[in-house]
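Reading through the structure tokens given below for one structure.
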Amino acid sequence: MSLSDQDIIELNELLDRLVENSITLEQKKRLELWLEKSDEARRFYVSYIDMSVSLGHYADETLGEIEKEENGGSLNNLFHFVQSWMPLAALLLFGLYLYYTLPTQVLDEGTEPEPLAQNSSSQTQLPLQAATTEHEIVAVLTKSIGLQWDDPSSRHPNAGSALNSGRFGFSKGMAQLEFMQGATAILEGPVKTTLVHDNAMELKLGKLRAHVPRVAVGFSVDLPMGKVIDLGTDFGIEVDDEGSAEVYVFRGKISYQGIDIEGNEVRAEVSGGEAIYLDSFGVLTPLDMPLGTFAGSADLASRSLENAQKRLSAWSVMSQELASDNKTLLYYNFDGHDSWSRVLKDETKRNKGSGDGAVIGCQWSEGRWPGKGALQFSKNNDRVCLNINESLQKATLVAWIKLDSLNREGAPIVFSKPHFNGAFGWSINSFGKLVLEVDSGNTVEKYESAVAFSPDRLGRWVHLATSFDGENKWISHFINGRAFSREKLSLAESISLKKGLIGHYQAFPNHNPNLSMKGSIDEFAIFDSVWDETDIRKLYEVGCPRDDFTSQDSILFP
Amino acid sequence: MTISQDDRSAELVQLMMKYQRKLFGYIITLVPSRADAEDILQETSLTICEKFTDYESGTNFYSWACQIAFWKVRAARKKFATSKVIFNEDVLEVISQTRVEMEEELDERHHALSHCLKKLNERDRRMVLVRYESGHNVKAAAQACGRTIQGAYKALNRIRKTLHDCVSLEVSMESP
């Protein structure tokens with residue numbers, strides 16, 4: 001039975017609804033009837049649905065090429081990218097923000113390799129550092145942009161760090177603090193403050209915008225000549241370097257209590273839409289309410305998104321450089337794959353596709369930035385099968401991974417085929433140590449770092465690298481761009497990638513060959529040379545999704 | 001024995017790479033919901049890996065893989081029983097048969113589509129490519145092309161029809 005024009009019109013309508021997921025049950029029954037009875041309708045249906053798959057294929061191919069061409073330095077492309085992804089990216093950013101911040105409120109940050117310094121309990125006047133115990137925590141640094149610290153020599157908290165009471169100041173940038181009782185404070189540098197307790201702070205210099213929910217009513221800010229006590233509000237305060245202050249109430253009400261230079265008590269209640277000026281002598285004068293003076297949470301989120309896009313853009317450039325570097329043996333950036341793709345593309349030019357991996361079981365997921373791909377390993381059989389047979393006397397292994405959990409089985413990153421000289425495995429063991437194990441013929445030698453993963457690192461992207469120098473007999477481990485351990489090799493002379501699996505164990509001693517990593521990988525590379533700390537630090541800094549390093553630490557962003 | 005196993009692993013990797021797009025096409029024809037089809041492709045890949053020792057080298061891998069995919073779709077029918085886009089078993093059977101019969105033609109149609117896309121005007125081409133880019137939907141296409149969502153739906157219906165007709169014509173002209 002051939003289809004009439006009217007039949008084709010009806011089928012077209014039904015199939016349009018089907019592919020756009022707007023088909024009703026009645027229409028679905030109608031379509032089913034067509035498909036059951038008419039061979040022509042079935043052929044029409046199959047060709048139509050298959051065209052959707054082909055369109056997806058050409059769309060990714062064509063738009064990917066357009067983006068690559070435009071990426072030749074054009075800011076328009078970045079703008080287009082940001083514009084088209086903005087709504088999704090904003091949501092993802094918010095999701096990431098919640099993901100990163102909520103579970104870590106009672107944990108210290110610890111993104112630097114060495115253990116955090118212990119604080120004493122009576123350290124109100126000591127420089128503020130990341131909190132070390134739950135008892136001392138007064139706030140969490142939930143977001144930061146471009147912070148430059150007053151004291152570059154000290155260790156400083158990162159986004160996600162829990163904070164003790166004490167001084168907190170920076171010369172440039174923005175920071176969002178969430179106090180444990182619920183108030184949120186956004187600070188714009190230069191700023192000098194002291195965190196007093198979980199619902200109070202002192203502002204000596206700089207700009208503060210506070211949002212105080214009902215549960216945190218009573219949040220107070222000490223000023224040079226008095227104190228602002230919140231009565232359930234959004235308000236902003238700016239203190240200049242001579243000690244005068246302006247207080248703006250955007251919503252709700254605050255109470256000001258202070259004394260002037262002659263010792264007279266100064267009190268005022270300021271409501272939404274009103275502002276006051278307090279000079280350096282403590283004298284109060286009403287002010288007109290300005291607009292747009294203080295950055296709010298939305299501004300900070302918007303700037304964070306811009307930063308994320310800039311970082312993604314910088315990483316893309318570096319990624320292309322790594323792909324074309326002739327020292328790169330294997331390089332997966334996990335980007336630009338279809339969500340159903342079962343091939344992990346090797347980006348290097350030298351392998352001409354022979355380095356592509358076969359994805360078994362894993363799901364494609366979100367990587368370090370909104371819009372970047374990653375592979376998630378969750379089921380025991382999840383893995384990527386490699387088809388590279390190189391044996392290397394010198395090598396550097398690099399990966400960005402995010403572990404969801406770390407149990408007694410540890411987490412495999414890459415394991416080659418076992419039971420021959422040069423077989424190797426790279427993993428995180430159950431103690432959180434980065435381990436390279438190499439079969440040197442008669443025995444499997446293990447080279448372990450110090451403990452790199454504590455619970456606070458779970459759920460966060462971490463950069464791992466290990467360099468292997470079989471000629472000079474050294475092995476070094478790096479975490480987040482910093483050398484973490486260095487050890488003399490014993491017998492191992494080379495490592496072989498033969499029949500490697502990413503994210504899954506093989507039958508090495510003390511490993512269950514039926515288990516996979518529980519987490520995600522969004523970049524993986526093997527270089528056939530030994531990279532030093534400076535090289536690896538660059539990979540980390542350009543690839544870092546967060547403002548984890550300050551300009552004082554950075555070798556790339558001074 | 002060891003060498004033979006290695007060769008089999010390499011063969012599996014190559015076959016999976018070669019046929020993954022077609023296999024996905026087969027699955028989505030039976031389960032025309034992209035998300036569900038992706039899930040079934042995952043499960044199918046895993047089973048192919050586990051049962052690869054049953055596969056005889058040199059025989060039709062795609063046909064063998066489609067059989068596994070078909071089992072997975074049938075099993076998933078129970079899971080998706082309430083879904084409005086899953087067909088009854090009789091219909092699944094006949095669609096699967098038709099799909100297998102059309103494989104050669106579908107390859108030709110896939111190539112012809114690239115020519116037909118070039119024949120579209122710039123605005124329509126952009127609209128349809130944005131719509132079908134991974135993770136995008138009609139709303140994204142509407143935004144990218146400055147149309148209302150309703151307008152984008154209508155435009156996409158028209159473009160798909162144009163492309164389908166164009167591909168059919170190209171394929172029929174190439175046929176002997």
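Since every read-out is calculated from the coordinates, none of them should be taken as a lab result. These figures come from a predicted structure and were not determined experimentally. When we count neighbours, we look across all protein chains shown, and the Cβ atoms used for this are built from the backbone with ideal geometry, even at glycine.
Packing around the peptides A:443-449, B:117-123, taken as the average count of other Cβ atoms within 10 Å per residue, puts them in this order, highest first: A:443-449, B:117-123.
Mind checking the mean number of beta-carbon atoms from other chains within 10 Å of the Cβ atoms in A:351-362? Let's see the in-between values first.
Numbers: counts 0, 0, 1, 0, 0, 3, 2, 11, 5, 9, 5, 3.
Per residue, the average neighbour count from other chains is 3.
For B:Met16, B:Met102, the sequence from fewest to most other C-beta atoms within 10 Å is B:Met102, B:Met16. With the simple spin-label model, which puts each label point 7 Å out from Cα in the Cβ direction, the A:Ser454 to B:Asp90 separation comes to 6.6 nm.
Distance between the modelled labels on B:Ala35 and B:Ala75, one decimal in nanometres: 2.1 nm (7 Å Cα→Cβ projection). Pairs of lysine residues in the range B:2-101 that meet both criteria, 8 or more places apart or on different chains and Cα atoms under 19 Å apart, total 4.
Once the dipole of chain B is set up with Lys and Arg at +1 and Asp and Glu at -1 on Cβ about the Cα centre, which of B:Leu169, B:Ala75, B:Tyr26 lies farthest towards its positive end? So the residue we want is B:Leu169. Rounded to the nearest whole Hz, the Karplus-based 3J(HN,Hα) values (6.51 cos²θ - 1.76 cosθ + 1.60, θ = phi - 60°) of the range B:108-125 follow the sequence 5, 5, 4, 5, 4, 4, 5, 5, 5, 4, 5, 7, 5, 6, 4, 5, 5, 4, with x at glycine and proline.
Using a Gaussian network model on chain B with a 10 Å cutoff between Cα atoms, which of B:His111, B:His136, B:His164 fluctuates the most? Its mean-square fluctuation being the largest, the pick is B:His136.
When the helices of chain B are scored as -39500 (n - 2.57) per DSSP H run of n ≥ 4 and the total is divided over every residue, the value at 222 nm lands at -26500 deg cm²/dmol. Can you work out the PRE-style zone for A:Asn407? Point 7 Å along Cα to Cβ, and I want the residues of the range A:427-455 with backbone N under 17 Å. So the set is A:428-432.
Between B:Phe52 and A:Glu13, the modelled labels are 4.9 nm apart [label points 7 Å from Cα along Cα→Cβ]. Here the range B:104-174 is treated with +1 on each Lys and Arg Cβ and -1 on each Asp and Glu Cβ, and its dipole about the Cα centre works out to around 700 debye. Peptide B:49-60 has a mean shielding of 1, counted as Cβ atoms of other protein chains within 10 Å of each residue's Cβ. Here the calculated FRET efficiency for A:Lys488 and A:His197, from their Cβ-Cβ distance with R0 = 45 Å, stands at 0.35, rounded to the nearest 0.05. Over 21 Å between C-alpha atoms is what I'm after, so list which of A:Lys172/A:Lys192; A:Lys379/A:Lys433; A:Lys372/A:Lys402 land there. In this structure, A:Lys379/A:Lys433 exceed 21 Å between Cα atoms. Using the Karplus relation 6.51 cos²θ - 1.76 cosθ + 1.60 with θ = phi - 60°, the per-residue 3J(HN,Hα) values for the range B:30-42 come to 7, 10, x, 10, 4, 5, 5, 5, 5, 4, 5, 4, 4 Hz, with x marking Gly and Pro. For A:Ser2 and A:Glu306, a Förster radius of 51 Å and the Cβ-Cβ distance give a FRET efficiency of 0.35, rounded to the nearest 0.05. Among the lysines, which fall within straight-line cross-link reach of B:Lys118, defined as a Cα-Cα distance under 19 Å, with same-chain neighbours fewer than 8 residues apart omitted? Within the straight-line limit of under 19 Å, B:Lys118 reaches these lysines: B:Lys161. Highest average first, the peptides A:20-27, A:170-177, A:237-244 ordered by how many other beta carbon atoms sit within 10 Å of their residues are A:170-177, A:237-244, A:20-27. Cβ screening of chain B for cysteine pairs under 4.7 Å finds these without a partner: B:Cys49, B:Cys66, B:Cys145. Shown is the FRET efficiency for B:His111 and A:Thr24, computed with R0 = 30 Å from the Cβ-Cβ distance and rounded to the nearest 0.05: 0.30. When chain B is treated as a GNM with alpha-carbon contacts under 10 Å, the residue of B:Ala65, B:Ala37, B:Ala152 showing the greatest mean-square fluctuation is B:Ala152. Counting, for every residue in B:142-149, the Cβ atoms of other protein chains within 10 Å of its Cβ and taking the mean gives 1.
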